[in-house]
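The structure appears right after this line, and notes come after that.
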Amino acid sequence: MVERSNVGSYPPVFRQLNSVGAQPKSYSVDDSQVPVPTVDLECLSLGEACENWGIFRLVNHGIPCTLFTKLQHHAKMLFSLSFESKQALITDPFSYFWGTPALTSSGAALKSASPNMNWLEGLNVPLSQLTQFQPQDPLLHSFRLLLEEYGRHLSRIATTLFQSMAKNLHLDPEQSEPMLEESTGFIRVYRYLPRHSMAGEAWGMIPHTDSSVISIVNQDQVGGLEIFKDNKWLLVDPIPNTLIVHIGDMMQAISDDGYTSVRHRVKVKKQEKRLSICYFVFPAEDSVIRSSKYKPFTYKEFQQQVQKDTRALGYKVGLKRFKI
């Protein structure tokens, strides 16, 4: 097994910035716990959560607690490898990135024009290509097997949720079927690093909405996820063995803005690392999304526009680009 380290596991840019002595910046946020709606997968009722919140906590999802525990343990072990080892071990179709959550379709990180780097490193895993990844390293091999099992659960959950949403929205079953394509599903595992020095503004992830139809988040108990609601940022408290489901931009467009793509961000901690394992699923790449609110577009066109804006502006503009 490859030797593991602590600070040596950080990408070099984070090591350098963390070595500068300064007082942390204070942030304006309501730290009260947000009563995010809870949805039971065995007795689905999605109306209020999707229309008024764009986010909900999912219970009775059917994923064994032991799988959560093993996934988080293996992810922490993997991220604790030296930076150089991660670069060497994590190869196609997986990809390793840091400083930005915005990736190209191949999984390569986009260079952002923003001066405020996202304080994270991550692993991108296209689920449809998992069988192509046959690592020799025992840790990576075990992690791949766990991701395969987890991916099957997430596909089941996403399909169940989307079918319920489509029914609630009275969507035509044949027309709505390509709006959620299981083969597009991928997992991103994020490690948010502690920021001992905060001389400038630093976020684990800057404010954004997800481009997906549905995003499903498995977060550890460190916390830091915030949502923007009623003109203020609110902290979403982690609860063991639950999932956080986000409505994404594609679902907002499909629903004619009836459902809300929730704006969110991640706050970095001064002393603690944070881990989240996130699943994203999209429409079939060339399927056309038609809406009374937006010009017709494919997800491929949407993704290309997001990448163009991120390169030029340093942030995602999103659905506003397609407004009628």
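The values are calculated or read from the model by the stated rules, or taken from the named source; none is laboratory data. Everything numeric in this text was worked out from a predicted model, so none of it was measured. All Cβ positions, glycine included, derive from the backbone under ideal geometry; neighbour counts span all protein chains shown. The accessibility values were calculated without ligands, DNA or RNA, using every heavy atom of the protein model including side chains. Shrake-Rupley method; radii C 1.70, N 1.55, O 1.52, S 1.80 Å.
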### Query
Stretched out fully, how many nm does the piece from Gln307 to Val13 gain, at 0.36 nm a residue minus the Cα gap?
103.5 nm
### Task
Starting from the Cα-Cα distance between Asn6 and Arg321, subtract it from 0.36 nm times their residue separation and give me the gain in nm to one decimal.
109.2 nm
### Query
Ignoring ligands, DNA and RNA, what percent of the accessible area of segment 153-235 is carbon or sulfur (1.4 Å)?
49 percent
### Query
Rounded to the nearest 0.05, what FRET efficiency is calculated for Thr131 and Arg290 with R0 set to 22 Å and r the Cβ-Cβ distance?
0.05
### Task
Find the Cα radius of gyration of the chain, compare it with 2.2 N^0.38 Å by division, and give the number to two decimals.
0.96
## Note on the structure
The FRET efficiency for Glu174 and Phe228, from their Cβ-Cβ distance with R0 = 45 Å and rounded to 0.05, is 0.80
### Query
Taking every pair of alpha-carbon atoms in segment 204-315, what share in percent sits in each 5 Å bin, from 0 to the bin with the longest distance?
2, 11, 18, 22, 20, 14, 9, 4, 1, 0
### Message
For the chain, what does the accessible surface come to per residue with a 1.4 Å probe? Please give it in Å².
### Response
45 Å²
### Message
Could you identify which residue out of Leu44, Leu71, Leu123 has the top mean-square fluctuation in a GNM of the chain using Cα springs shorter than 10 Å?
### Response
Leu44
### Query
Got a sec? Which residues in segment 70-103 would a label at Leu145 touch, if it sits 7 Å along Cα→Cβ and we count backbone N under 20 Å?
70-79, 90-91, 93-94
### Query
Given a Förster radius of 41 Å and the C-beta distance between Arg152 and Asp257 as r, what FRET efficiency does 1/(1 + (r/R0)^6) yield to the nearest 0.05?
0.80
### Query
Between Gln221 and Ser45, what length comes free when the chain is fully extended (0.36 nm per residue of separation minus the Cα-Cα distance, one decimal in nm)?
60.7 nm
### Task
Scan the chain and hand back the longest stretch that contains none of the GluC sites (Glu not before Pro) lying in DSSP loops with at most 12 other Cβ atoms within 10 Å.
43-200
### For Trp233, residues with placed amide H under 5 Å, excluding near neighbours
Asp30
### Query
Of Lys76/Lys270; Lys76/Lys320; Lys229/Lys293, which pairs sit farther than 26 Å apart, going by alpha carbon to alpha carbon?
Lys76/Lys320
### Message
If each DSSP helix of 4+ residues adds -39,500 (n - 2.57) and the sum is divided by the residues in the chain, what number results at 222 nm, nearest 500 deg cm²/dmol?
### Response
-8000 deg cm²/dmol
### Message
Once you compute Rg and the Kirkwood Rh from C-alpha atoms, what is the Rg to Rh ratio for segment 141-290?
### Response
1.00
#### Entry: Within segment 267-324, trypsin sites (Lys or Arg not before Pro) in DSSP loop having at most 14 other beta-carbon neighbours inside 10 Å
Lys270, Arg290, Lys293
### Summary
Simple SL model, points at 7 angstrom along Cα→Cβ for Asn241 and Leu67; separation in nm is 1.5 nm
